[in-house]
1. Based on what the data block shows, is ILE119 open to solvent by less than 40 Å² (accessible area, probe 1.4 Å) and closer than 25 Å to VAL333 by Cα?
2. As an exercise: evaluate ALA161 against (1) open to solvent by 20 Å² or more (accessible area, probe 1.4 Å); (2) touching a Pro at 6+ places or on another chain (Cβ under 6 Å); (3) part of a helix (DSSP H, G or I) and give the number of the one condition it does not meet.
3. For residues in region 130-143 being open to solvent by less than 90 Å² (accessible area, probe 1.4 Å) and either in contact with a Cys (Cβ under 6 Å, 6 or more places away or on another chain) or more than 30 Å from ALA253 (Cβ to Cβ) (or both), which is modelled with the highest pLDDT?
4. Please pick out the residue among GLY356, GLY321 that is closer than 30 Å to THR82 by Cα, in contact (Cβ under 8 Å) with a residue 12 or more places away in the chain and open to solvent by less than 10 Å² (accessible area, probe 1.4 Å).
5. Give me the residue from region 203-214 that is touching a residue at least 60 places away in the same chain (Cβ under 8 Å) and more than 12 Å from PRO133 (Cβ to Cβ) and, out of that set, most open to solvent (accessible area, probe 1.4 Å).
6. Would you tally the residues in region 503-543 being surrounded by 19 or more Cβ atoms within 10 Å (Cβ to Cβ) and under 27 Å from the mean Cα position of the chain (by Cα)?
7. Counting only residues that are farther than 28 Å from TYR400 by Cβ, open to solvent by 20 Å² or more (accessible area, probe 1.4 Å) and of a type in the set (Gly, Ala, Ser), which one in region 288-318 is modelled with the lowest pLDDT?
8. Are any of the residues in region 423-431 part of a loop (DSSP other than H, G, I, E, B), open to solvent by 70 Å² or more (accessible area, probe 1.4 Å) and modelled with pLDDT under 85?
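The values are calculated or read from the model by the stated rules, or taken from the named source; none is laboratory data. Only a predicted model underlies this, so the values are computations on that prediction, with no experimental measurement involved. Glycine gets a Cβ as well: all are built from the backbone with ideal geometry, and neighbour counts include every protein chain shown. All accessible areas refer to the heavy atoms of the entire protein, side chains included, with ligands and DNA or RNA removed. Shrake-Rupley method; radii C 1.70, N 1.55, O 1.52, S 1.80 Å.
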Amino acid sequence: MNDWFWMPLFIFGWLPILYFSRVTSIPEYFERRFGRSVRLGATICILIYLIMYVGVNLYTMGTSLNILLGWGIWPAAILVATVSAIYVTFGGQTSVIMTDLLQGIMLLAVGLLVLVLGICYLGGFETFWHHLPRGHRLAFPNFNTDPSFSGVGIFWQDSMANSAMFYFLNQGIIMRFLAAKSVREAQKVAMFVPLVLMPLAACVVASGGWVGKALVHAGILPPDIQAKEAFFVASEFLSKPGIFGLIIAALTAALMSTVDTLITAVSAIAVNDVYKPYIRPKASEKQLLYIARICAIAVTLMGVLLVPVFHSFKSIYSAHGAFTATVTPPLVVVLLLSVFWRRFTKTAALATIIGGMAAIIFSLFVPEVIAPFAHGVPMGEAGEGFLSGMRQYKFMRAFYGLSISTVIAVVVTLFTKPESAERCRGLVWGTLSDALIWGKSLWGGPSLTTAVRLSADEIELLSDSDLPVVRVSRGLAESADITVGQRLYLTDQRWWLGGLFSVHVVVGAILEKETTSFVEMGSDSYPKLVRPRRKDRLVSLEQMS
């Protein structure tokens, strides 16, 4: 429910830049904006963030199965990691999209079911609300008194640093928006998320805790239930065995959907931002797919190895908050200033990434430096271990990191030479019109159906576009008023797939001798649109203005 704060910047600033500049990853944007050195720094930081995110989600799954079945957290995490890695490795982004859709629907349904069952059991909403303690009704019940869960710390760590990272820099989320056919479609989704989906999801995710606390307050459940077990205890108490099994299956599936998204995101960055630019620039699609699969397996293994690290925290949320507050601040500052401040320079971007991360790492060993930024939040107990300082000021570290990174960025920018207008064109807010020559179009035109056939020879790329090139028959060109250089959107006619099998193309030539209606495609783009069993089926064609 914090996402509304960032949505105007995301919808009207970042999304159009992503589409019109045709970047495939966040580090690629940094290279276009500043050069390879900034891209490399951003790549390293984003990979650390995503890999740690995989680890905390595997720890969450291990904890869930430990409570439910009594399995050890480590073996349970290995099992989940194995299952996720298998279907992601062989199914790729398509498997992630389809499984996430079904898993999301399941989680929304059963989360609301738990809430409804609890309210009904207590005799209605008024009784439920009466038995819910005041602290559980408010977004920020403890402003700065509780170091383990301070409201002000949650604001800086979650609302500011993590939400900005989630939407602007999380490759897994960006890939979902880039899968839409146009900016307008992506913007519709971006508006739907904070207005409808996230408020509903907040109730779904909190349902077990709300109902469990109300049942405890009413004297129905014992008061010694641990917070991390509340969802399972309340669900089991309120539902019959079959329904309880469905609830737990939905919870497990939802957690796995996050893991598989992160695995594909790491694979995409490893291939597009490490292997292809630095190791083998001329690698074929087959080689890139092979490397992506190897990376999927590798990141899963690294995530499993991180499970004991996160297990040292008192709660899953504490583990998640501690690592996001540590990794995200410099990247968030660099990305936002890169997009919305044309004066921001390459030197400042590098200094912010390096200096911001150095300041945060220093705070892990000397957490006292965060005290002036802590809004009065106590330091908390350090515990034991090499990174024990991460547990001190674990949420307020985000505000410290954001403040230090912003100061570095602004000061260095003011003392360095601005980037050229050519370097910023199409990559900074206010220059979007310059990026239209590269991009997917904003508006779609009328739709019609046509046949597609595979070209006997490869179709060369046009010099001013990296989109797949097609040839259009004269009959289709005349009937639909299609010209050379025009962008088209081709998609499978099965509407329920939501454009899963689709491709944006540019018209490279008109086949003057062909009077029938068809589009001719090369061997690289043809399989993205036409499935093996649907070679004789028509596809939908939409002109993009």
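1. Working: open to solvent by less than 40 Å² (accessible area, probe 1.4 Å): yes; closer than 25 Å to VAL333 by Cα: no.
Spelling it out, it is not the case that ILE119 is open to solvent by less than 40 Å² (accessible area, probe 1.4 Å) and closer than 25 Å to VAL333 by Cα.
2. The one condition ALA161 does not meet is (1).
3. In the first step, residues of region 130-143 are kept if they are open to solvent by less than 90 Å² (accessible area, probe 1.4 Å); the result is 131-133, 135-136, 138-139, 141-142.
Right, trim to either in contact with a Cys (Cβ under 6 Å, 6 or more places away or on another chain) or more than 30 Å from ALA253 (Cβ to Cβ) (or both) and you get 131, 133, 135, 138, 141-142.
Values: HIS131: 91, PRO133: 85, GLY135: 77, LEU138: 75, PRO141: 70, ASN142: 75.
Taking the candidates together, the pick is HIS131.
4. Details: GLY356 fails: closer than 30 Å to THR82 by Cα.
Selected residue: GLY321, the only one of GLY356, GLY321 that is closer than 30 Å to THR82 by Cα, in contact (Cβ under 8 Å) with a residue 12 or more places away in the chain and open to solvent by less than 10 Å² (accessible area, probe 1.4 Å).
5. Filtering region 203-214 for residues that are touching a residue at least 60 places away in the same chain (Cβ under 8 Å) and more than 12 Å from PRO133 (Cβ to Cβ), the one most open to solvent (accessible area, probe 1.4 Å) comes out as VAL205.
6. Here the count works out to 5.
7. Among those residues, the one meeting the criterion is ALA292.
8. Going residue by residue through region 423-431, those that are part of a loop (DSSP other than H, G, I, E, B) are 425-431.
Of the ones still in play, those that are also open to solvent by 70 Å² or more (accessible area, probe 1.4 Å) are 425, 429.
From the residues that got through so far, the ones that are modelled with pLDDT under 85 too are 425.
Yes, there is a match, as at least one residue in region 423-431 is part of a loop (DSSP other than H, G, I, E, B), open to solvent by 70 Å² or more (accessible area, probe 1.4 Å) and modelled with pLDDT under 85.
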